[in-house]
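J.: Please see the structure below; I have some questions.
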Amino acid sequence: MRAYAGAGLNQAVYFMDGAEPAIMSGRNRDRSLGAAAELGAELRLSERMLLQADLRWVDLDGQAVLLRSDDGLVCADAVSLGISVGWHFR
């Protein structure tokens, strides 16, 4: 098992509380730049398969309710938990 930690900067595009999200429009949209941190662990289950879990925190504006991502709009939350399964092909 390997543990890791990281810190850096996060840029977020968000919609403020009460604003109607218009994906194609620049109105009601704001940007923030702030601190980010991550703690995680990676567990090798076999020679090729691994399980990874991480906890991420980003400094978001308190009025942010929706974030724009590559996949669409997502709820704005400063803390997120991620779990993934990885496979090495070589």
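Just so it is clear, none of the values below were taken in a lab; they were calculated from the coordinates. Bear in mind that the values here come from a model prediction, so they are computed numbers and not experimental data. Using ideal geometry, Cβ is built from the backbone for each residue, glycine included, and neighbour counts are taken over all protein chains shown.
J.: How many nm separate the modelled label positions at Ala5 and Asp30, each set 7 Å beyond the Cα in the direction of the Cβ?
T.: Taking the two extended label points, one gets 3.1 nm.
J.: Ranked highest first by average number of other Cβ atoms within 10 Å, how do 9-15, 37-43, 80-86 line up?
T.: Per-residue mean Cβ counts within 10 Å order the peptides as 9-15, 37-43, 80-86.
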